[in-house]
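The values are calculated or read from the model by the stated rules, or taken from the named source; none is laboratory data. No experiment lies behind these values; they were computed from the predicted model shown. Positions of Cβ are generated from backbone atoms using ideal geometry, with glycine treated the same way; all protein chains shown enter the neighbour counts.
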Amino acid sequence: MHFVSCSIRQIEGWAATLGHGIAHVGADTDRARNRRKGLVITMVDVFERSAHKMRSQGMSDTAIAQFEHLYDVWANEEDTSYIHEADVEPITDIPNFHDVYETINHDKAVDAFAKTAFLKLNGGLGTSMGLDYAKSLLPVRRHKARPMRFLDIILGQVGTARTRLGVELPLTFMNSFRTSKDTMEAIAKNRHFTQEGVPVEIVQHVEPKIDLETGEPVQWPANPDLEWCPPGHGDLYSTLYESGLLAILEERGFRYLFISNSDNLGARPSRTLAQHFENTGAPIMIEVARRTEADRKGGHIVRDRVTGRLMLREMTQVDPRDRGAAMDIHKHPFFNTNNIWVRIDALRRMLDEHGGVLPLPVIRNYKTVAPTDPASTKVVQLETAMGAAVNLFNGAICVQVDRMRFLPVKTTDDLFIMRSDRFHLTDSYEMEDGDYHFPNVELDKRYYKNIQDFEERFPYGVPSIAAAASFRVEGDWTFGRNVSLFGDARLTDSGRPSYVPNGEFVGPQGVEPDEWL
């Protein structure tokens, strides 16, 4: 780690430089008094307070080394390390899943699939929907009178593949300290899922939230748990390194690891992609999908003009002057689904080379220490993205997949679609739809953002959207039984709680009137 001496005035300017306009408070603090005295401190002194806090919680040298890398980048580099449009080339010629499918010997593909292990990122609580438990434990829909959670469907997908293809297909969850207990208890209660020899769980690291005012680990005595956060899903690599999971898999004959998010039920096991990945000999393969207008602000894959390597460019890494080009879905037609295939031996070599801490770009996530309290201490959470590792490998590739392999649930708008009649959950635990092009749904965040509010307003389930082109709700509406949407359905805010009666139709005029126009 390279340290620089900083004046207190420089540290005082961090929040202005790094916080996108977050104002400083407390002019009469010790920091301000020290500045007036002209004292100078070093970044190593400030970071050591975070390292000490992590050691006192029993955290490993690998966890501390990783956070040291993140902190160093945050403290000593510019707020955003831009990936400029002039320095990259668009990726346009990517093999399509359907073309790949025609080239695969599907009997032979079982052999490649038999050498594949499955890893699900499961560290999220779903706080964007007001959840205080693992998002994977949220019911998605019912099937044969049973409520099916993300976790139930994932276990069902793996069990189906094991039975039909006669493969071991080990499944591991990367949990966080917040999701581990509930997830593992739920798995233990599943009578149909068993696994021996390969861990069902690895637990990602945890790091201190950093007080923007001081650069030190934040203090929040009212709830000390809120002083900590996960380092983003890029932490997967150091967690794999420390857990020994890669060595266990190699010893048992596994060669490939398929990684995806637990809230993406489209990321099913695929023998076609396993065989394609084996055929290419690539060290890493990212599944990408074609962008729509709704995906303009998402991370997309580009090629570095200098090195020729693929790069994941998040919108936070785009210079404001380049945003128009970066969001042009015709110029940059593909986005990252976060479904990633890696060759286990190649990843092990890369991790050994870097001592378990890959030099990934740092994402600064500005929040308050208590997410639901905007008046609480302003903090920065330092994170990395899993897909950014693609830039470290020569010979990395992409494969274009359909939307059927990208069905994420990040908001209650997404959950609305997943629970609708557009989907059918098959006995093979596949979320089936006709074309996987869905109406745009916008629910008033004041009344539907949190899952409890959402459930209260759809007590009989979500309306039918089979005939809807879009759906927009403004205001506080509760829905009766068997409500159907059609066209560009819209409900406007009446200024008071409103109700859509049983069996009604909602269209461009709102609740459809009885009389003909």
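For this structure, a couple of remarks:
- Residue within the range 107-115 that is in contact (Cβ under 8 Å) with a residue 40 or more places away in the chain and surrounded by fewer than 14 Cβ atoms within 10 Å (Cβ to Cβ) present: yes
- The residues of the range 285-305 that are closer than 23 Å to Val100 by Cβ and among the basic types (Lys, Arg), listed by number, are Arg290, Arg291, Arg303.
A quick yes/no check of all residues on (1) in contact with a helix residue (DSSP H, G or I) (Cβ under 8 Å, 6 or more places away or on another chain); (2) in the same structural domain as His205 (by TED's automatic domain parsing); (3) over 30 Å from Ala65 (Cα atoms):
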site: Met386; (1), (2), (3): yes, yes, no
site: Thr426; (1), (2), (3): no, no, yes
site: Asn440; (1), (2), (3): yes, no, yes
site: Trp477; (1), (2), (3): yes, no, yes
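- In the range 275-330, counting only strands (runs of 3 or more DSSP E) that sit wholly within it, the ones holding 2 or more residues that are surrounded by fewer than 21 Cβ atoms within 10 Å (Cβ to Cβ) span 300-304.
- Here the range 372-404 is the region considered, the condition is being within 24 Å of Arg271 (Cβ to Cβ) and within 15 Å of the chain's Cα centre (by Cα), and the residue that is surrounded by the most Cβ atoms within 10 Å (Cβ to Cβ) is Gly387.
- Any strands (runs of 3 or more DSSP E) falling wholly within the range 413-484 and containing at least 2 residues that are polar (S, T, N, Q) and either surrounded by fewer than 18 Cβ atoms within 10 Å (Cβ to Cβ) or in contact with a Pro (Cβ under 8 Å, 6 or more places away or on another chain) (or both): 464-473
- Flag if Leu137 is more than 17 Å from the chain's Cα centre (by Cα) and at negative phi: no
- In the range 55-70, the residues that are among the polar types (S, T, N, Q) form Cβ pairs under 6 Å with partners that are not in a helix (DSSP H, G or I), at six or more places apart or across chains, as follows: Thr62/Gly356; Gln66/Val357.
- Search result, residues across the range 165-202 that are farther than 17 Å from Asn261 by Cβ and either assigned to a strand (DSSP E or B) or without any contact (Cβ under 8 Å) to a residue 12 or more places away in the chain (or both): Lys181, Glu185, Ala188, Lys189, Arg191, Thr194, Glu196
- From Ser238, Ser176, residue being in contact with a strand residue (DSSP E or B) (Cβ under 8 Å, 6 or more places away or on another chain), closer than 30 Å to Ala114 by Cα and not assigned by TED's automatic domain parsing to the domain that holds His69: Ser176
- Extreme residue, farthest from Asn394 (Cα to Cα), among residues of the range 258-290 that are of a type in the set (A, V, I, L, M) and within 18 Å of the chain's Cα centre (by Cα): Leu265
- Checked against the criterion of being acidic (Asp, Glu) and either in contact with a Lys or Arg (Cβ under 6 Å, 6 or more places away or on another chain) or under 23 Å from Thr372 (Cα atoms) (or both), the candidates Asp182, Asp111, Asp152 yield just one match: Asp182.
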